[in-house]
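Below: the structure, in structure tokens.
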Amino acid sequence: MIRNYSETRFGRISYLIRDGKIPLILMHGFGGTGNTFLRIEPYLNENFKVIFPDLLGHGHSDKPDIDYTIHQQALAINDMIKSLNLDKIIIGGNSYGGWIALDYALNINEPEALILIDSAGTNRTFAEDGMVNEVVDEIMKVRNYKNRDALIKIAENNGRPSEKINLNDLKRLNCKTIIIWGKNDNTIPISKGYEYKNYIRNSEMHILNSGHTPQISNPEEVSSIINKIIE
């Protein structure tokens, strides 16, 4: 994969990309980067045009002075999609990235397929528990991107009730939706996965023997599930 950049209305987005025919965009969780999906890339069908972006405020992407709402992140991803002239995309993400993918599908453009991997969006966040500084400090111990202020703004935004996904809105989705969940997830309980399954009509759920990031711990299993979308 190679690294490239796209200009968006909020700043530059950096992404890893592999050539192919069918656009597959997967977004990382809070405090991560597109690199968190690198373990699944070798197992993904060669027909996928694989794109792993660094979300705004993360990694090699810009850290603009914005509110960092979920919808702003989704709009920036849409700007990247347009700049790459992508059509009929498959989009998804893990945790925070899944939340953004849901906003994209509900409020911008319904994709060909949606992939939710231990997805946030309806769960209680650590910001609601007053843990913003503690969590961000832990992330900064292992990240070297000078993005503490951006991460704090993102976390604080995610704690606002207005940012949550409305479960009844999920009934509007018609696209094929793949829900992948680690049965040992201690960050977002598996009950939230079942919640998505119950509200999204064209959905299927896969439970893996993993924690919150099955794309890291179970890359072959996750890739096999994703590959079936086009197989």
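Tabulated values for the structure
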quantity	calculated
Residues within the stretch 12-38 that are among the small types (Gly, Ala, Ser), crowded, with 16+ Cβ neighbours inside 10 Å and farther than 19 Å from residue 213 by Cβ, tallied	1
Residue, least open to solvent (accessible area, probe 1.4 Å), within the stretch 131-166, restricted to residues that are within 20 Å of the chain's Cα centre (by Cα) and of a type in the set (Asp, Glu)	163
Tally, over the stretch 109-131, of residues that are within 30 Å of residue 230 (Cα to Cα) and among the acidic types (Asp, Glu)	3
Residue identified as in contact with a Cys (Cβ under 6 Å, 6 or more places away or on another chain) and either in contact (Cβ under 8 Å) with a residue 60 or more places away in the chain or open to solvent by less than 70 Å² (accessible area, probe 1.4 Å) (or both) among 189, 111	111
Residues located in the stretch 174-183, provided they are in contact with a strand residue (DSSP E or B) (Cβ under 9 Å, 6 or more places away or on another chain) and farther than 15 Å from residue 93 by Cβ	176, 183
Of the criteria (1) open to solvent by 20 Å² or more (accessible area, probe 1.4 Å); (2) in a helix (DSSP H, G or I), which one residue 230 fails	(2)
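Condition check ((1) touching an Asp or Glu at 6+ places or on another chain (Cβ under 6 Å); (2) closer than 14 Å to residue 114 by Cα; (3) open to solvent by 10 Å² or more (accessible area, probe 1.4 Å); (4) among the aromatic types (Phe, Trp, Tyr)) across all residues:
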{"position": "63", "(1), (2), (3), (4)": "no, no, yes, no"}
{"position": "67", "(1), (2), (3), (4)": "no, no, yes, no"}
{"position": "75", "(1), (2), (3), (4)": "no, no, yes, no"}
{"position": "80", "(1), (2), (3), (4)": "no, no, no, no"}
{"position": "83", "(1), (2), (3), (4)": "no, no, yes, no"}
{"position": "90", "(1), (2), (3), (4)": "yes, yes, no, no"}
{"position": "100", "(1), (2), (3), (4)": "no, yes, no, no"}
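Residue by residue, here is whether (1) touching a Gly at 6+ places or on another chain (Cβ under 8 Å); (2) over 16 Å from residue 111 (Cα atoms); (3) in a loop (DSSP other than H, G, I, E, B) holds:
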{"site": "174", "(1), (2), (3)": "no, no, yes"}
{"site": "178", "(1), (2), (3)": "yes, no, no"}
{"site": "184", "(1), (2), (3)": "yes, yes, yes"}
{"site": "193", "(1), (2), (3)": "no, yes, no"}
{"site": "201", "(1), (2), (3)": "no, no, yes"}
{"site": "206", "(1), (2), (3)": "no, yes, no"}
{"site": "216", "(1), (2), (3)": "no, yes, no"}
{"site": "220", "(1), (2), (3)": "no, yes, no"}
{"site": "223", "(1), (2), (3)": "no, yes, no"}
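The values are calculated or read from the model by the stated rules, or taken from the named source; none is laboratory data. Keep in mind the model is a prediction, meaning the values are calculated, not measured. Counting neighbours? That spans all protein chains shown, and the Cβs are built from the backbone with ideal geometry, glycine included. What goes into the accessible areas is simple: the full protein's heavy atoms, side chains included, and nothing from ligands, DNA or RNA. Shrake-Rupley method; radii C 1.70, N 1.55, O 1.52, S 1.80 Å.
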